[in-house]
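Peer 1: Encoded as C-alpha coordinates, here's the structure I'll be asking about.
The values are calculated or read from the model by the stated rules, or taken from the named source; none is laboratory data. Just so we're clear, the structure is a prediction, and the values are computed from it rather than from any experiment. Glycine also receives a Cβ, built like all others from the backbone with ideal geometry; neighbour counts cover every protein chain displayed.
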Amino acid sequence: MRATPDHEYAVHGGFNRSRIGQVLAVIAAAISAMLIGAALASIQWLESIGWKSGDSQILIWPIGVTLIYLILYWLFSQYMWRWSPLATFLKVSNLAGTWRCNGQTINADKSLGYQWTAEVTIIQNWDRIRVRLKTPQSGSTSQTASIIADPEGGCTLIYNYKNDPNLAEPELQPHQGFACLRFAPGLKSAEGEYFNGQGRFTFGTMTLDRT
(Lines give C-alpha, C1' and ligand atoms only; values in the text may rest on other atoms or scores of the structure.)
Protein backbone atom coordinates (compact mmCIF):
# COMPACT_ATOMS: atom_id res chain seq x y z
CA MET A 1 0.00 0.00 0.00
CA ARG A 2 1.25 3.49 -0.78
CA ALA A 3 2.62 5.30 2.27
CA THR A 4 0.35 7.96 3.71
CA PRO A 5 1.90 11.03 5.36
CA ASP A 6 1.14 12.02 8.92
CA HIS A 7 -1.63 14.60 9.26
CA GLU A 8 -2.56 17.30 11.74
CA TYR A 9 -4.95 16.54 14.57
CA ALA A 10 -7.21 18.64 16.77
CA VAL A 11 -7.03 18.69 20.57
CA HIS A 12 -10.11 19.39 22.69
CA GLY A 13 -9.89 20.16 26.38
CA GLY A 14 -6.10 20.50 26.38
CA PHE A 15 -3.63 23.38 26.30
CA ASN A 16 -4.14 25.82 23.43
CA ARG A 17 -1.45 24.61 21.05
CA SER A 18 -1.23 27.95 19.22
CA ARG A 19 0.19 29.49 22.41
CA ILE A 20 3.12 27.09 22.42
CA GLY A 21 4.67 28.96 19.49
CA GLN A 22 4.39 32.22 21.42
CA VAL A 23 5.97 30.72 24.54
CA LEU A 24 8.83 29.20 22.54
CA ALA A 25 9.41 32.52 20.74
CA VAL A 26 9.85 34.31 24.09
CA ILE A 27 12.22 31.60 25.32
CA ALA A 28 14.17 31.72 22.05
CA ALA A 29 14.54 35.49 22.31
CA ALA A 30 15.81 35.20 25.90
CA ILE A 31 18.30 32.46 25.03
CA SER A 32 19.49 34.37 21.96
CA ALA A 33 20.04 37.53 24.01
CA MET A 34 22.03 35.63 26.62
CA LEU A 35 24.15 33.83 24.04
CA ILE A 36 24.85 36.98 22.05
CA GLY A 37 25.74 38.83 25.25
CA ALA A 38 28.10 36.04 26.23
CA ALA A 39 29.61 35.97 22.73
CA LEU A 40 30.21 39.73 22.72
CA ALA A 41 31.77 39.60 26.18
CA SER A 42 34.05 36.78 25.03
CA ILE A 43 35.07 38.74 21.91
CA GLN A 44 35.83 41.85 23.98
CA TRP A 45 37.94 39.78 26.36
CA LEU A 46 39.82 38.16 23.48
CA GLU A 47 40.46 41.54 21.89
CA SER A 48 41.73 42.86 25.22
CA ILE A 49 44.47 40.22 25.18
CA GLY A 50 45.45 40.95 21.60
CA TRP A 51 43.17 38.74 19.50
CA LYS A 52 42.02 40.35 16.25
CA SER A 53 38.42 39.37 15.52
CA GLY A 54 38.07 40.72 11.99
CA ASP A 55 34.27 40.62 11.74
CA SER A 56 32.71 39.50 15.01
CA GLN A 57 29.26 39.27 13.38
CA ILE A 58 30.41 36.09 11.61
CA LEU A 59 30.71 34.47 15.03
CA ILE A 60 27.37 35.79 16.30
CA TRP A 61 24.91 35.22 13.43
CA PRO A 62 24.37 31.46 14.04
CA ILE A 63 22.76 32.21 17.44
CA GLY A 64 19.95 34.39 16.09
CA VAL A 65 16.41 34.12 17.42
CA THR A 66 15.04 32.34 14.34
CA LEU A 67 17.53 29.49 14.47
CA ILE A 68 17.07 28.99 18.19
CA TYR A 69 13.28 29.03 17.80
CA LEU A 70 13.42 26.39 15.06
CA ILE A 71 15.65 24.16 17.20
CA LEU A 72 13.42 24.60 20.25
CA TYR A 73 10.25 23.87 18.29
CA TRP A 74 11.72 20.72 16.73
CA LEU A 75 12.86 19.47 20.13
CA PHE A 76 9.50 20.27 21.67
CA SER A 77 7.51 18.70 18.83
CA GLN A 78 9.53 15.49 18.75
CA TYR A 79 10.48 14.93 22.39
CA MET A 80 9.75 17.53 25.08
CA TRP A 81 5.95 17.37 24.99
CA ARG A 82 6.11 13.64 25.83
CA TRP A 83 7.78 14.33 29.21
CA SER A 84 5.22 13.13 31.74
CA PRO A 85 4.89 16.28 33.93
CA LEU A 86 4.69 18.51 30.85
CA ALA A 87 2.24 16.16 29.09
CA THR A 88 0.01 16.23 32.18
CA PHE A 89 0.00 20.05 32.13
CA LEU A 90 -0.64 20.24 28.38
CA LYS A 91 -3.35 17.52 28.51
CA VAL A 92 -2.24 16.05 25.19
CA SER A 93 -2.05 12.27 25.55
CA ASN A 94 0.90 10.43 24.02
CA LEU A 95 -0.68 7.52 22.13
CA ALA A 96 2.35 6.68 20.00
CA GLY A 97 3.30 3.04 19.89
CA THR A 98 2.10 -0.38 18.81
CA TRP A 99 -1.20 -1.83 20.01
CA ARG A 100 -2.84 -5.25 19.79
CA CYS A 101 -6.38 -4.91 18.53
CA ASN A 102 -9.28 -7.35 18.92
CA GLY A 103 -12.40 -6.56 16.91
CA GLN A 104 -15.95 -7.87 16.98
CA THR A 105 -18.40 -7.19 14.17
CA ILE A 106 -22.06 -6.69 15.06
CA ASN A 107 -24.83 -7.65 12.66
CA ALA A 108 -27.74 -5.40 11.77
CA ASP A 109 -30.00 -7.42 14.11
CA LYS A 110 -27.49 -6.74 16.94
CA SER A 111 -26.26 -10.34 17.00
CA LEU A 112 -22.52 -10.92 17.07
CA GLY A 113 -20.73 -11.47 13.78
CA TYR A 114 -17.14 -12.53 13.18
CA GLN A 115 -14.11 -11.69 15.30
CA TRP A 116 -10.90 -10.28 13.89
CA THR A 117 -7.47 -9.21 15.11
CA ALA A 118 -5.11 -6.48 13.95
CA GLU A 119 -2.00 -4.54 14.82
CA VAL A 120 -2.44 -0.81 15.31
CA THR A 121 0.53 1.54 14.97
CA ILE A 122 0.14 5.15 16.09
CA ILE A 123 2.79 7.64 15.02
CA GLN A 124 2.43 10.95 16.85
CA ASN A 125 4.31 14.11 17.64
CA TRP A 126 3.10 17.44 19.03
CA ASP A 127 1.03 18.47 16.02
CA ARG A 128 0.82 15.47 13.66
CA ILE A 129 -0.47 11.92 13.92
CA ARG A 130 -1.12 8.78 11.88
CA VAL A 131 -3.14 5.74 12.92
CA ARG A 132 -2.36 2.61 10.93
CA LEU A 133 -4.39 -0.59 11.41
CA LYS A 134 -3.18 -3.76 9.69
CA THR A 135 -4.98 -7.10 9.37
CA PRO A 136 -3.98 -10.12 7.25
CA GLN A 137 -6.56 -9.04 4.65
CA SER A 138 -6.28 -5.25 4.51
CA GLY A 139 -4.93 -2.07 6.05
CA SER A 140 -6.43 1.27 6.99
CA THR A 141 -4.80 4.65 7.57
CA SER A 142 -6.26 7.67 9.32
CA GLN A 143 -7.04 10.82 7.36
CA THR A 144 -8.22 13.18 10.11
CA ALA A 145 -8.19 12.84 13.89
CA SER A 146 -9.09 14.55 17.15
CA ILE A 147 -8.01 13.85 20.73
CA ILE A 148 -10.41 14.79 23.53
CA ALA A 149 -8.85 15.12 26.98
CA ASP A 150 -10.63 13.44 29.89
CA PRO A 151 -10.47 15.44 33.17
CA GLU A 152 -10.34 12.13 35.08
CA GLY A 153 -7.41 10.83 33.03
CA GLY A 154 -7.15 9.08 29.70
CA CYS A 155 -8.61 10.51 26.52
CA THR A 156 -10.80 9.77 23.51
CA LEU A 157 -9.36 9.40 20.01
CA ILE A 158 -11.77 9.99 17.13
CA TYR A 159 -10.58 9.50 13.58
CA ASN A 160 -11.76 8.64 10.11
CA TYR A 161 -9.78 6.31 7.88
CA LYS A 162 -9.45 4.84 4.42
CA ASN A 163 -9.19 1.06 4.11
CA ASP A 164 -7.44 -0.64 1.20
CA PRO A 165 -7.65 -4.45 0.87
CA ASN A 166 -4.66 -6.53 -0.16
CA LEU A 167 -4.43 -7.42 -3.84
CA ALA A 168 -4.99 -11.06 -2.89
CA GLU A 169 -8.43 -10.18 -1.48
CA PRO A 170 -10.46 -9.27 -4.61
CA GLU A 171 -13.79 -9.81 -2.83
CA LEU A 172 -13.08 -6.94 -0.44
CA GLN A 173 -13.78 -3.35 -1.46
CA PRO A 174 -11.90 -0.19 -0.48
CA HIS A 175 -13.98 1.86 1.91
CA GLN A 176 -14.09 4.78 4.31
CA GLY A 177 -14.69 4.39 8.02
CA PHE A 178 -14.88 6.09 11.38
CA ALA A 179 -13.56 4.97 14.78
CA CYS A 180 -13.97 6.24 18.33
CA LEU A 181 -11.56 4.86 20.95
CA ARG A 182 -11.63 5.65 24.68
CA PHE A 183 -8.23 5.24 26.34
CA ALA A 184 -8.13 4.37 30.02
CA PRO A 185 -6.02 6.38 32.51
CA GLY A 186 -2.42 5.30 32.10
CA LEU A 187 -2.91 4.89 28.34
CA LYS A 188 -2.31 1.14 28.38
CA SER A 189 -5.66 0.04 26.93
CA ALA A 190 -8.64 1.35 24.99
CA GLU A 191 -12.07 0.30 23.84
CA GLY A 192 -14.47 1.74 21.32
CA GLU A 193 -16.50 1.32 18.16
CA TYR A 194 -15.98 1.54 14.43
CA PHE A 195 -18.36 2.16 11.53
CA ASN A 196 -17.66 1.45 7.86
CA GLY A 197 -19.36 2.82 4.77
CA GLN A 198 -18.81 3.64 1.10
CA GLY A 199 -17.93 0.10 0.09
CA ARG A 200 -18.37 -2.05 3.20
CA PHE A 201 -21.34 -1.42 5.46
CA THR A 202 -20.22 -3.02 8.71
CA PHE A 203 -19.74 -1.89 12.28
CA GLY A 204 -18.54 -3.30 15.57
CA THR A 205 -16.35 -2.91 18.63
CA MET A 206 -12.60 -2.72 19.18
CA THR A 207 -10.31 -3.21 22.18
CA LEU A 208 -6.66 -2.17 22.18
CA ASP A 209 -3.75 -3.12 24.45
CA ARG A 210 -0.22 -1.75 24.28
CA THR A 211 2.37 -4.30 23.22
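Peer 1: Mind checking whether some residue in region 152-162 is in a loop (DSSP other than H, G, I, E, B), in contact with a strand residue (DSSP E or B) (Cβ under 7 Å, 6 or more places away or on another chain), without any contact (Cβ under 8 Å) to a residue 60 or more places away in the chain and surrounded by 14 or more Cβ atoms within 10 Å (Cβ to Cβ)?
Peer 2: Within region 152-162, not a single residue is in a loop (DSSP other than H, G, I, E, B), in contact with a strand residue (DSSP E or B) (Cβ under 7 Å, 6 or more places away or on another chain), without any contact (Cβ under 8 Å) to a residue 60 or more places away in the chain and surrounded by 14 or more Cβ atoms within 10 Å (Cβ to Cβ).
Peer 1: Does region 186-201 contain any residue that is among the hydrophobic types (A, V, I, L, M, F, W, C) and within 17 Å of Thr98 (Cα to Cα)?
Peer 2: Yes, some residue in region 186-201 is among the hydrophobic types (A, V, I, L, M, F, W, C) and within 17 Å of Thr98 (Cα to Cα).
Peer 1: Looking only at region 91-144, filter to residues that are among the acidic types (Asp, Glu) and more than 17 Å from the chain's Cα centre (by Cα); which one of those is surrounded by the fewest Cβ atoms within 10 Å (Cβ to Cβ)?
Peer 2: Among those that are among the acidic types (Asp, Glu) and more than 17 Å from the chain's Cα centre (by Cα), it is Asp109.
Peer 1: Now for a different question. Given (1) assigned by TED's automatic domain parsing to the domain that holds Ser189; (2) surrounded by fewer than 15 Cβ atoms within 10 Å (Cβ to Cβ); (3) free of Cβ contacts under 8 Å to residues at least 24 places away in the same chain, identify the lone condition not met by Tyr79.
Peer 2: Of (1) assigned by TED's automatic domain parsing to the domain that holds Ser189; (2) surrounded by fewer than 15 Cβ atoms within 10 Å (Cβ to Cβ); (3) free of Cβ contacts under 8 Å to residues at least 24 places away in the same chain, only one is false for Tyr79: (1).
Peer 1: Another question, then. Show the residue pairs meeting these rules: Cβ distance below 8 Å; 6+ apart or different chains; first residue within region 171-185 and more than 10 Å from Asn196 (Cβ to Cβ) and without any contact (Cβ under 8 Å) to a residue 40 or more places away in the chain; second residue surrounded by 16 or more Cβ atoms within 10 Å (Cβ to Cβ) and of a type in the set (S, T, N, Q).
Peer 2: Leu172/Ser138; Pro174/Asn163; Cys180/Thr156; Leu181/Thr156; Arg182/Thr156
Peer 1: So which residues in region 96-117 are free of Cβ contacts under 8 Å to residues at least 60 places away in the same chain and not charged (D, E, K, R)? Walk me through how you get there before you give the answer.
Peer 2: First, pick out the residues of region 96-117 that are free of Cβ contacts under 8 Å to residues at least 60 places away in the same chain: 96, 107-112, 114-117.
Hits for region 96-117 are Ala96, Asn107, Ala108, Ser111, Leu112, Tyr114, Gln115, Trp116, Thr117.
Peer 1: Also, quick follow-up: I'm trying to understand the selection: among the residues of region 72-93, which are under 30 Å from Thr117 (Cβ atoms) and out of contact with any Phe, Trp or Tyr (no Cβ under 8 Å at 6 or more places or on another chain)? Walk me through how you get there before you give the answer.
Peer 2: We begin by selecting, within region 72-93, every residue under 30 Å from Thr117 (Cβ atoms); these are 82, 87, 92-93.
Arg82 - this is the single residue of region 72-93 that is under 30 Å from Thr117 (Cβ atoms) and out of contact with any Phe, Trp or Tyr (no Cβ under 8 Å at 6 or more places or on another chain).
To keep it simple, each residue is scored yes or no on (1) in contact with a Lys or Arg (Cβ under 9 Å, 6 or more places away or on another chain); (2) not assigned by TED's automatic domain parsing to the domain that holds Gly197.
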site: Ser84; (1), (2): no, yes
site: Asn102; (1), (2): no, no
site: Ile106; (1), (2): no, no
site: Arg128; (1), (2): no, no
site: Thr135; (1), (2): no, no
site: Thr144; (1), (2): no, no
site: Gly154; (1), (2): yes, no
site: Gly177; (1), (2): yes, no
site: Cys180; (1), (2): no, no
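Peer 1: Out of region 165-188, which residues are touching a strand residue (DSSP E or B) at 6+ places or on another chain (Cβ under 6 Å) and either crowded, with 18+ Cβ neighbours inside 10 Å or under 26 Å from Val92 (Cβ atoms) (or both)?
Peer 2: Pro165, His175, Gly177, Phe178, Ala179, Cys180, Leu181, Arg182, Phe183, Lys188
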